[in-house]
1. Residue-wise, which Karplus ³J(HN,Hα) couplings in Hz belong to segment 96-102, taking 6.51 cos²θ - 1.76 cosθ + 1.60, θ = phi - 60°, and x for glycine or proline?
2. What is the calculated FRET efficiency for ARG88 to ALA5, with r their C-beta to C-beta distance and R₀ = 30 Å, to the nearest 0.05?
3. Given 25 °C and 0.890 mPa s, compute D for segment 19-88 with the Stokes-Einstein relation, Rh being the Kirkwood radius over Cα pairs; round to the nearest whole µm²/s.
4. Which whole-Hz ³J(HN,Hα) couplings does segment 12-27 yield from phi under the Karplus relation 6.51 cos²θ - 1.76 cosθ + 1.60, θ = phi - 60°, glycine and proline marked x?
5. Counting only the backbone N, which residues of segment 81-98 are under 20 Å from the spot 7 Å out from the Cα of VAL120 toward its beta-carbon?
6. Mind listing P(r) for the chain? All alpha-carbon pairs, 10 Å bins, whole percents.
7. Would you work out which of GLY70, ILE16, VAL44 lies farthest towards the positive end of the dipole of segment 1-80, given +1 charges on the beta-carbon of Lys and Arg and -1 on that of Asp and Glu, about the Cα centre?
8. Enumerate the amide H contacts of VAL33 below 5 Å, restricted to partners 5 or more residues apart or on another chain; note that Pro and chain-start residues carry no placed amide H.
Amino acid sequence: MPIDARYDQHNVFARILRGEIPSDRVYEDLDFVAFRDIQPAAPVHIVLVPRGEPPTSSATLREADAEWVGRMVLVAARIAAEQGLAERGYRLVMNCGDDAGQTVGHLHLHLLGGGPLGPVA
Ligand code: 5GP
């Protein structure tokens, strides 16, 4: 995973990964951790984050990241199934930058579901 020079080791997800901030974890493996969002935007709102120091957003992803980014989507689908969302459906969201409202500079995927989500925008 390439180092993103703008990565802040004190960002909230880095602190959650280090256990400095408590979180309601629903999944973890060697590469990813998923926990419930503190301000849920849907009945089920889970954030999936890569361990380590990933790019701050999709804007700084490189070709070499393709494999683990693909696995992140597969892990999100697996968590969705475990949460009982697969049948009715769910939404995966990756915010990038200010216009998308990204607040945490540690690339992550939102998993939203548990009821009708409305139009995407
Ligand atoms: P972004 O807006 O960057 O795409 O998503 C960041 C998300 O992190 C937001 O949905 C926000 O509610 C969530 N968040 C921020 N601080 C915390 C925290 O301390 N704990 C948890 N579980 N979620 C957080």
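The values are calculated or read from the model by the stated rules, or taken from the named source; none is laboratory data. Only a predicted model underlies this, so the values are computations on that prediction, with no experimental measurement involved. Positions of Cβ are backbone-derived with ideal geometry, glycine not excepted, and every protein chain shown enters the neighbour counts. Ligands, DNA and RNA are stripped out before the accessible areas are found, and what is left, the full protein with its side chains, is counted by its heavy atoms. Shrake-Rupley method; radii C 1.70, N 1.55, O 1.52, S 1.80 Å.
1. Going residue by residue, I get 9, x, 5, 5, 8, x, 5 Hz, with x marking Gly and Pro.
2. Efficiency at R0 = 30 Å is approximately 0.15.
3. 185 µm²/s
4. 4, 6, 4, 5, 5, 4, 7, x, 6, 10, x, 8, 8, 6, 10, 7
5. Within reach of a label on VAL120: 81, 85-98.
6. Once binned at 10 Å, the Cα pair distances of the chain give 13, 46, 35, 6, 0.
7. Checking the options against the dipole of segment 1-80, the answer is VAL44.
8. When sequence neighbours closer than 5 places are left aside, the close amide H contacts are VAL49, ARG51.
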